[in-house]
1. Here is a list of conditions, (1) assigned to a loop (DSSP other than H, G, I, E, B); (2) closer than 26 Å to Ile144 by Cβ, and Gly236 meets all of them except one; can you say which number that is?
2. Given the residues Ala244, Ala167, Ala263, Ala254, which is the only one that is in a strand (DSSP E or B) and within 19 Å of Ile144 (Cα to Cα)?
3. For region 57-96, enumerate the residues that are hydroxyl-bearing (Ser, Thr, Tyr) and part of a strand (DSSP E or B).
4. For Asp209, only one of the following conditions fails: (1) surrounded by fewer than 16 Cβ atoms within 10 Å (Cβ to Cβ); (2) of a type outside the set (A, V, I, L, M, F, W, C); (3) part of a loop (DSSP other than H, G, I, E, B); (4) modelled with pLDDT under 95. What is its number?
5. Please identify the pairs in which a residue from region 226-241 that is touching a residue at least 12 places away in the same chain (Cβ under 8 Å) and assigned by TED's automatic domain parsing to the domain that holds Ser203 has its Cβ atom under 8 Å from the Cβ atom of a residue that is of a type in the set (S, T, N, Q) and assigned to a loop (DSSP other than H, G, I, E, B), counting only partners at least 6 apart or on another chain.
6. Out of the residues in region 122-164 meeting the condition of being of a type in the set (D, E, K, R) and not in a loop (DSSP other than H, G, I, E, B), tell me which one is modelled with the lowest pLDDT.
7. Picking from Glu259, Glu222, Glu205, Glu189, which residue would you name as being among the acidic types (Asp, Glu) and under 19 Å from Gly154 (Cβ atoms)?
8. Restricting region 223-273 to residues that are crowded, with 19+ Cβ neighbours inside 10 Å and among the small types (Gly, Ala, Ser), which is farthest from Gly199 (Cα to Cα)?
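The values are calculated or read from the model by the stated rules, or taken from the named source; none is laboratory data. Because the structure is a prediction, the values reported are computed rather than measured. Cβ sites come from the backbone with ideal geometry, for glycine too, and all protein chains shown count toward neighbours.
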Amino acid sequence: MKRTVWSAILAALVLLPLALAAQETDAEGCQDHPLLGRMKGFVLTECESNFDAVEFCVAEDTYEKLEGQKTLLYYNLMEGFKEPSELQIVRNYTNAVKAAGGTVVYEYSGYAAMKIIKGAGQAVWVRVEVYNNGTAYQLTILEIGEMAQEVTAGDMLAALNKDGRIALEIHFDTGRASIKPESQKTVGEIAALLRDNPGLLVSIEGHTDNTGTPQGNRTLSEERAKAVVAAVAALGIEASRLSAVGWGQDKPVADNATEEGRARNRRVEVVKK
């Protein structure tokens, strides 16, 4: 199994450990991810965190590109510590992920891709890559579904004028039509959109994944669409300018066979009338 070009570049970056491993403290601003600790004797020499796309090897010569909040951590072995084997480092993290309720997606020499489902629409992917005979390794943690959607009224108007619709991440309590507090800002932007465009009429349309029964999903999606209409109306928008439709699982935009696909299918769309 050959590693990607990007992995080869990263491997070259960690060929610096002879100088770096002498340090006994982590690089400034770097710390372990709350989900996973480090191997004994290792120090953090570099780190980064941002929203990005990451490729995970999920089968022989097969890669899956995912987007989310990425944490990248580079570890090097300090002087005086015996280097562990590649398998020991990989097994340390596969066991930790399994203990957290996750699964190993794919593993080969010095590499493992793992996945933890945290909740509805929330998944954490983990990738460990070992270099330099066990004296250095890289840990990549990608959190999917954690980044709050930031869509403004202007973004919505541009999408409606271009495509006639826009899909929004409005989160609800599981199995219910109660809008979660973190989605109130998005509801406020819908109200601002309608307030700034007094001639605009829209349909609020709810969609679900295929978990449950078709009729139950249609009912739930309609209740959620009505909840959004009511929330927007409560902000001073005439209810007559909005209608509510529930499509249930009938109009998926992604594969319901994966958690990421189901998360994309659970959505609310604002449609221009």
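1. Going through (1) assigned to a loop (DSSP other than H, G, I, E, B); (2) closer than 26 Å to Ile144 by Cβ one by one, Gly236 breaks only (2).
2. Details: Ala244 fails: within 19 Å of Ile144 (Cα to Cα); Ala263 fails: in a strand (DSSP E or B); Ala254 fails: in a strand (DSSP E or B).
The match here is Ala167.
3. The first filter runs over region 57-96 and keeps only residues hydroxyl-bearing (Ser, Thr, Tyr), leaving 62-63, 71, 74-75, 85, 93-94.
Scanning region 57-96 gives Thr62, Tyr63, Thr71, Tyr74, Tyr75.
4. Of the numbered conditions (1) surrounded by fewer than 16 Cβ atoms within 10 Å (Cβ to Cβ); (2) of a type outside the set (A, V, I, L, M, F, W, C); (3) part of a loop (DSSP other than H, G, I, E, B); (4) modelled with pLDDT under 95, the odd one out for Asp209 is (1).
5. So the pair list comes out as Ala227/Ser178.
6. Taking region 122-164 and keeping what is of a type in the set (D, E, K, R), we get 127, 129, 143, 146, 150, 155, 162-163.
Now drop any that are not not in a loop (DSSP other than H, G, I, E, B), which leaves 127, 129, 143, 155, 162-163.
Details: Arg127: 97, Glu129: 97, Glu143: 89, Asp155: 92, Lys162: 93, Asp163: 94.
Filtering first and then ranking leaves Glu143.
7. On the way: Glu259 fails: under 19 Å from Gly154 (Cβ atoms); Glu222 fails: under 19 Å from Gly154 (Cβ atoms); Glu205 fails: under 19 Å from Gly154 (Cβ atoms).
It is Glu189.
8. Gly248
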